Structures are given as structure tokens and as C-alpha cells.
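Written out below as C-alpha cells is the structure these notes cover.
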Amino acid sequence: MTRPETPNRLDRILLTGAAGGLGKVLRQSLRPYARILRLSDLAPMDPAGPGEEVVPCDLADRDAVDALARDVDAILHFGGVSVERPFEEILDANIRGIFHLYEAARRNGVKRVVFASSNHVIGFHKQTETLDAHAPRRPDSYYGLSKSYGEDVASFYFDRYGIETVSIRIGSSFPAPANRRMMSTWLSYRDLTALLERALFTPGVGHTVVYGMSDNDVVWWDNRHAAHLGYAPQDSSRVFRDQVEAQPAPPADDPSMVYQGGAFVAAGPFEAPAARARPPVAGAELIVDARHGVGESPVWQAAEQALYWVDIPGRTLNRWRAEDGSHTAWTAGEQIACLARHGDGWVAGMESGIFALRPEAGGQLAQTLLARIPHALAGMRLNDGRCDRQGRFWTGSMLMDMAQGAPVGALYRLDSAQPGQTLSPRLDGLVVPNGIAFSPDGRTMYVSDSHASVRRVWAFDYDTRTGTPSNRRLFIDMNSFPGRPDGAAVDAHGCYWICGNDAGLVHRFTPDGRLDRSLAVPVKKPTMCAFGGPGLRTLFVASIRPQGIDLSDQPLAGGVFALNPGVAGLAEPAFRG
């Protein structure tokens, strides 16, 4: 095996999981520690740059992993499934994968491994406990079980073959803590890199277990048994305290407030959901683990006792039946963004215009163009939409490349189902129009712009006879509240419920713009909410599953949830054109 060129530089380091959220960060920060950084993942990776080798590999393929570990001095194992999933998915990537990796290390003479373990190895311990590395493991999930197994593998391969490992029980490594739990578990990228440097170059580590956390004010973990690493974190979550504590606190019995593993203790099981005999009584209930890229536009159909919604990038219309928990999907020819019932079919805002949709046998959607939208730029689509109380369909357009922040979005109104129309903007100058909703009497219209540069909700006087909004005024400045204002609904009391995207919250504002309450969901990006269920007393919430980032703190992202809002909603109007 090649000897280190300097005490803190190796010839070649293998990093698995290089396409993941942390893998992308480490691809940059680890460059000083190796002449060559060999990067591996099953997911697509950027092409190799100077001092890099890119080697795609399936960890379940023993021979491929053996070849992957040739001629390396150390292995940083960040690969595998990083969120809670059914055991069958965990088995190949996490359990077989780590066995193959240690066998490859043994056969290739690699004597140092750094294993990205997880706090979910001890997730069922209460937050009132302080744990060191000798505390009993209490995995909170199939994912946690796989990491616990990985630590046992590391211990065995040191005792049997002398392969040294530092198992890092990573807390929550993100740019900033997103919630109260993460104030204790947060690990900055800078501190993670420093900990990896100590794990790579400290001699005589045997099998060391260390908790990966920054110098946070309130901690649950004691690293006395890893003191020989000399890890001294430089960052602390305290700088984010005001930002985090501005969020409404979850209920005292919420898993994120009780268990060190947070929401993971309640994830799964992954069978088809059973029929719910009563509304949820606390917290958010997962009804479909859909893993949709952008779940949107939930609409309750009382006659079917079913919830419909769309997955925008997946181009699907979805249905969940309360009676048996079944989930059915139909595919369209282009992205679907928003829905309203129309006869026995749907009217939908899509990419090129507004279409009539009808589910067909074979899982396809028949679509008829009702109105073309003259987009201002290429690369635009429709976004949020719904009907007013009189059955007119409203929808907004946006540039899909949100990073440009271009105010080229506009609102459109469809009055007739006659095909072949071309619509003109009713309101323009928006970046990401969202949050369209109407008061119970139909005389107030609400619209938000959810782009990070705007984050505002406006109210309009609405002429129910002509369908014309006027007297635009600021209703909510969401820069003063957690999250970006996404999709919305109005309850029977006239209060406005809006999803706080990026904050994992659904807010209720009174008609005078006062925040009344906020309900938490176990994902960061709720998109739109809708009332349904018996008596319209359940609030359904769709969500986004971000791509290319670590989802260990939100394994249910992209799912559909049910909340008990404590109030009844209003039936969603159908399109009457």
C-alpha cells in the first residue's frame, strides 16, 4: 500500500456516496488530503476534475466493489441509502454493501476506513439522556439498523483483520439547523471535514465510535471515548437560535421533541396504508409514501371518499382512496401542475396551456387543449391553480428555472371549456405565483409569490359577477414568518391556510392577517393543502422530494400527509365552464 506523502496527505482516498448531499460537499473539502480522490456512486456524478477519478459502482456488486478498492490508502464510506426505506431497499445498498466494502478492503490491504454511521443508531433514546459511545444502541429505523450493523462489521474487521475504522455517528450535517432538534444534532460542513481529517490520520484508532456534532450549546452526546482523535469543533448552532426559535414549537409529544432520532422513530411501516376510521388526532399521518418530486394540488372528492393530486415532474394524476388506502396513478403527455374537477374528468394547468383530462384504462390520461398560454419565455409552465366560488378556473405561470428570479409569471382565468382558446394575462409581474384561494363568500381573492426574493401574499377585492380582482393590498409579508408561501386553502371560518415551504409548516392566518397557528409536517417542503375527509375536518398536505441532497432528516419527503387542523374546511368548487 502506498505510504502517505506527508503526515496529512494520502496518495489515493476512495469516497463512496459521492453523488449525495454530503458527498458533493466532501468532494471539494477533501482535496487537500489526497493526491487523487476516487469518487464513486450509483447515481450520476459530475465528470472527473484534476486529481479525481470517477468510478460508478453498485455496492451490491461484490466484484465491482473489490475493483473499486484497489490501490487506495483509505476509504470514506458515505454510500448507500441515507433515509428510512423498506428493508428490501436497505438490504442491498447498506447491509450487503458494507460487507462487500470491508471484504474488498481486506483483500486489497486497505487498513483505514471511515464509516458514515448515524445518530439513528441510538435514535430511540430520549432527548433527556446523555450518551457516550458505550451506551446501548437503540436503532430507530431500518436505516438505523443498517448503521448499527455497519458498526458491528467495523468492530469485527478490526478484531479479526486489523482494519482500523472510525465510525462517525453523524448528527445533522447541513448548512444550518432546520428545527429545534437540530440545534443539538447539527454538524457544520467545516467541522465534518475536520473530523474526517482526524479520523484519517490519527494513529491507533482501532474501532473508534465518535458522535458527529458541532460545539452546540445543548448536546445529548459525550465524546470522552473518542478524545484520542483530538477533534475540536469550531462551529455552533447557537448562531441560528433566533431563526429556529421563531418557528412555532411542535407539540410536546411530537417525536422530534422526545426522541434523539426525531421523526425516524415514526417512519413506516411501508405496507399499503390501512383505512383510517377516524381523523388523525396528533401530528402528521403519512397516507402515501409517494416520494414525488413535486407533489401538488390536492383535491378531495367526497363522492369517492378519495384524494387526488399531481406529481409535476412525474406527469401523473394520483388518487388515494380512504376506504382501502389504495394508490392509483395516470400519466399525461406533459407536466401537470394544478387541478379542478370538471364533470367526470378534470381541467388542469400544464406546461403549454390548460387541458381537459380524462383517466383511461392502461394508466394514461386523454388530454384536450382548451386554452393556449402565450408564455413570455421558453421554459415556462403553469403552477398553482383552482376555481373561484363560481367555478372559473384560475392558474399562474412561472419560469421553471427559479434561480433566475424572473418576474415573467402571470395569472390567467378560464371561463369556458370551449377548445382552441388563447388566454391573456389578468395579472403579471410575478415570479412564482402561488397560494390562489378565495374567501367563503368569494369576495376576497388571495395570491402569493413564493419566490425567495418576494415571499408575500396579497388580498384582492373580487367581483363574483365578472371574476375581476381589484384593490390589491399586502395581506401577509412572509419574510416575517418561517417558510416561503406556497399553496393554500381557506377554512369555513374564512382563515387562510398556507404551506410554509422550506420550514416544514402549514400556517393558519386569520382574515385580518394575524398568525393563528402553525402545524408541523415531517418534511421541509410542504407544497399545498386541501380540506377533506369526514366533515372536511382533515387537512391533506402534499410535498416535495428534493433531488441530490441528504434526506436523512426528512425521509418521507415527497409524501402526502393528513393533519387534524381543529376546524372544518370548504368543499372545492368544480369547473363550470
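For the stretch 1-129, what class follows from the C-alpha gyration tensor (a ≥ b ≥ c being the square roots of its eigenvalues): rounded when a/c is under 1.5, otherwise prolate if a/b is larger than b/c, else oblate?
The shape class here is prolate.
How much mean residue ellipticity at 222 nm does the chain get from its helices, if each DSSP H run of length 4 or more adds -39500 (n - 2.57) and you divide by all residues, to the nearest 500 deg cm²/dmol?
-4000 deg cm²/dmol
Based on DSSP, what percent of beta bridges with both residues in the chain are antiparallel, to the nearest 5?
75 percent
Just to confirm the number: angle between the C-alpha axis of helix 97-108 and the first principal axis of the chain, 0 to 90 degrees, nearest 10?
30 degrees
For the Cα atoms of the chain, what angle does the longest principal axis make with the long axis of helix 142-161, in degrees from 0 to 90, nearest 10?
10 degrees
Excluding ligands, DNA and RNA, what is the solvent-accessible area per residue of the stretch 9-264 at a probe of 1.4 Å, expressed in Å²?
Here the residues of the stretch 9-264 average 39 Å² of exposed surface.
With no solvent and one equal point scatterer per Cα, compute the Debye intensity ratio I(q)/I(0) for the chain at 0.07, 0.11, 0.12 Å⁻¹ and report its log10, rounded to two decimals.
With one equal scatterer per Cα and no solvent, log10 I(q)/I(0) is -0.46, -1.00, -1.13.
Where the accessible area of the chain is counted over protein heavy atoms with a 1.4 Å probe, how much of it, in %, is carbon and sulfur?
50 percent
How much net charge surrounds Gly293 when only other residues with a Cβ under 9 Å from its Cβ are counted (Lys, Arg +1; Asp, Glu -1)?
+1
For the chain, what is the charge dipole size about the Cα centre, in debye to the nearest 20, if Lys and Arg each add +1 at the Cβ and Asp and Glu each add -1 at the Cβ?
Dipole of the chain, to the nearest 20 debye: 640 debye.
So how tilted is helix 189-201 from the main axis of the chain? Cα-based, degrees 0 to 90, rounded to 10.
Tilt relative to the chain: about 20 degrees.
Between Asp11 and His225, 0.36 nm times their residue separation minus their Cα-Cα distance comes to what?
Gain on stretching Asp11 to His225: 74.1 nm.
To the nearest 0.05, what FRET efficiency results for Leu369 and Gln243 with a Förster distance of 45 Å applied to their C-beta separation?
Working from the Cβ atoms, E equals 0.50.
Taking the Cα centre of the stretch 9-264 as the origin, how large is its charge dipole in debye, to the nearest 20, when only Lys and Arg (+1) and Asp and Glu (-1) carry charge on their Cβ atoms?
Dipole of the stretch 9-264, to the nearest 20 debye: 520 debye.
Evaluate the distance, in nm, between pseudo-label points positioned 7 Å from the Cα of Phe87 and of Arg35 along their respective Cα→Cβ axes.
Label-label distance for Phe87 and Arg35, simple model: 4.6 nm.
Taking 0.36 nm per intervening residue step and subtracting the Cα-Cα distance, what contour gain separates Ala492 from Ala48 on full extension?
This chain segment gains 154.2 nm when fully extended.
Of the lysine pairs in the chain, how many meet both conditions: Cα atoms under 28 Å apart, and a spacing of 8 or more in sequence or different chains?
Total qualifying Lys-Lys pairs in the chain comes to 10.
Could you please tell me the mean projected area of the C-alpha convex hull for the stretch 9-264, averaged over all directions and given in square nanometres to one decimal?
Mean projected area for the stretch 9-264: 13.0 nm², to one decimal.
Along the charge dipole of the chain, pointing to its positive end and built from +1/-1 on Cβ of Lys, Arg, Asp and Glu, which listed residue (Ala104, Thr331, Trp221) has its Cα farthest out?
Selected residue: Thr331.
The values are calculated or read from the model by the stated rules, or taken from the named source; none is laboratory data. The structure displayed is predicted, hence computed values, not measured ones. Every residue, glycine as well, gets a Cβ built from its backbone with ideal geometry; the counts of neighbours run over all protein chains shown. Accessible surface areas use protein heavy atoms only, side chains included; no ligands, DNA or RNA. Shrake-Rupley method; radii C 1.70, N 1.55, O 1.52, S 1.80 Å.
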